[in-house]
Amino acid sequence: MSTELRENANALVAAGKGILAADESNGTMDKRLQAAGVEPSEEMRRALRELLFTTDGAAEHISGIILYDETFGQSTADGNPFPELLQSQGVIPGIKVDTGAKPLAGAGDEKVTEGLDGLGERLADYYERGARFAKWRGVIAVDDVRPSRYCVHVNAHALARYAALCQEAQIVPIVEPEVLMDGEHTIDRSEHVTGAVLATVFAELHEQRVLLEGMLLKPNMVLAGYACPEQPDDEIVAERTLRCLRRHVPAAVPGIVFLSGGQADEDATARLNLMNQMGAQPWEVSFSYGRGLQAAALTTWHGDSDNVAAAQAQYLHRARCTGAARAGKYSEEMEREPVASS
């Protein structure tokens, strides 16, 4: 059993901390920049990541940061490579290694995530360059008939194969089977599908000899589809999510790091907080948020160097709130506190 894998997995879910998912592909990040009124370019993508990574105090709440391949090779304006910058702050560098969801042959409009070709060699290279954890996202769409068993199985198999390759390279795999919340499905349907997906994923992880103590799970919260007319309150979301996870996630897994999945910033924080107030669980209950941590900072920054300090203040505020939710100590009053830039 790898001591390094276990130590890094536990460090990523340390008390009061969670993960920043800054691993958006160039295409996704460019769309977010454009939506914020910023002309997209490699330099703007780099500048935004530097803004986030150099925020004083953020490391008190952020244990690790997932990078995209381009970002992993970039540096601060004064030449400090991002992985080395993070390591100097006590933040663990991670890397997204899948190449995206593609149409699944013979399955209509369902998808499978690709990127296994040459993955072993890529992981060895990333380890040498400082990465100590990785992420792979499987995408599961939901409606009255989807997902098919075929879709669930092939995505679970790919997730498990990725995880096994990561552990061979001494890299902690974050396993992300995301049940999408787009659509009109109820929370009952969401819980059923999420449970079935998790059961299949852990069966595949067992078959492929993945060390559970050396991995993390990044699941969706159990929500009604965003277009569903009946939206449950936060407490029901928290209760249903924990119930589903307790039924399907082995206690050997060190931690759950939720994705924000398009939830409003405050909703994602409040629901995480409630789960951490509902008593001890078999695993740490933490976060791996992207938009849930970055959105306010991006909007404030607007691509203008004069706004960097104000944008960093927004990011630090969200990191503090989410870190507090990680401990079950978040409150709405925290959102009303003034956000002061340095």
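The values are calculated or read from the model by the stated rules, or taken from the named source; none is laboratory data. Predicted model only: the values in this text are computed from it and were never measured. Every residue, glycine among them, receives a Cβ derived from its backbone with ideal geometry; neighbour counts consider all protein chains shown. For accessibility, only protein heavy atoms count, side chains too; no ligands or nucleic acids. Shrake-Rupley method; radii C 1.70, N 1.55, O 1.52, S 1.80 Å.
Restricting to the stretch 83-136, name every residue that is open to solvent by 20 Å² or more (accessible area, probe 1.4 Å), closer than 12 Å to CYS166 by Cα and assigned to a strand (DSSP E or B). LYS96, the sole residue that qualifies.
Conditions (1) open to solvent by less than 60 Å² (accessible area, probe 1.4 Å); (2) under 30 Å from ALA252 (Cβ atoms), marked per residue:
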{"residue": "ALA9", "(1), (2)": "yes, yes"}
{"residue": "VAL13", "(1), (2)": "yes, yes"}
{"residue": "LYS17", "(1), (2)": "yes, yes"}
{"residue": "ASP23", "(1), (2)": "yes, yes"}
{"residue": "GLY27", "(1), (2)": "yes, no"}
{"residue": "ARG32", "(1), (2)": "no, no"}
{"residue": "SER41", "(1), (2)": "yes, no"}
{"residue": "ARG45", "(1), (2)": "yes, no"}
{"residue": "THR54", "(1), (2)": "yes, no"}
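Looking across the stretch 56-65, the residues that are under 19 Å from the mean Cα position of the chain (by Cα) and surrounded by fewer than 22 Cβ atoms within 10 Å (Cβ to Cβ) come down to ALA59, GLU60, HIS61. Residue count for the stretch 226-251 satisfying the condition of being in contact with a helix residue (DSSP H, G or I) (Cβ under 7 Å, 6 or more places away or on another chain) and in a loop (DSSP other than H, G, I, E, B): 3. Determine which single condition GLU204 fails, assuming it passes every other condition in (1) part of a loop (DSSP other than H, G, I, E, B); (2) in contact with a His (Cβ under 9 Å, 6 or more places away or on another chain). Here GLU204 meets the rest and fails (1). Beta carbons closer than 8 Å, at least 6 apart along the sequence or on distinct chains, pair a first residue in the stretch 79-93 that is at positive phi with a second that is surrounded by 14 or more Cβ atoms within 10 Å (Cβ to Cβ) for GLY90/ALA59. Condition check for ARG209 on (1) outside any loop (DSSP other than H, G, I, E, B); (2) basic (Lys, Arg); (3) in contact (Cβ under 8 Å) with a residue 40 or more places away in the chain: one failure, at (1).
A quick yes/no check of all residues on (1) touching a Cys at 6+ places or on another chain (Cβ under 7 Å); (2) at pLDDT below 95; (3) open to solvent by less than 40 Å² (accessible area, probe 1.4 Å); (4) of a type in the set (Phe, Trp, Tyr):
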{"site": "MET275", "(1), (2), (3), (4)": "no, no, yes, no"}
{"site": "TRP283", "(1), (2), (3), (4)": "no, no, yes, yes"}
{"site": "ALA327", "(1), (2), (3), (4)": "no, no, no, no"}
{"site": "GLU337", "(1), (2), (3), (4)": "no, yes, no, no"}
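Remark: pairs (first residue in the stretch 153-169, farther than 12 Å from VAL97 by Cα and among the acidic types (Asp, Glu); second residue in a helix (DSSP H, G or I) and open to solvent by 10 Å² or more (accessible area, probe 1.4 Å); Cβ separation under 7 Å; 6+ apart in sequence or on different chains) = GLU168/GLY120. The combined condition, being under 23 Å from VAL112 (Cβ atoms), within 16 Å of the chain's Cα centre (by Cα) and among the β-branched types (Val, Ile, Thr), is not fulfilled by ILE256.
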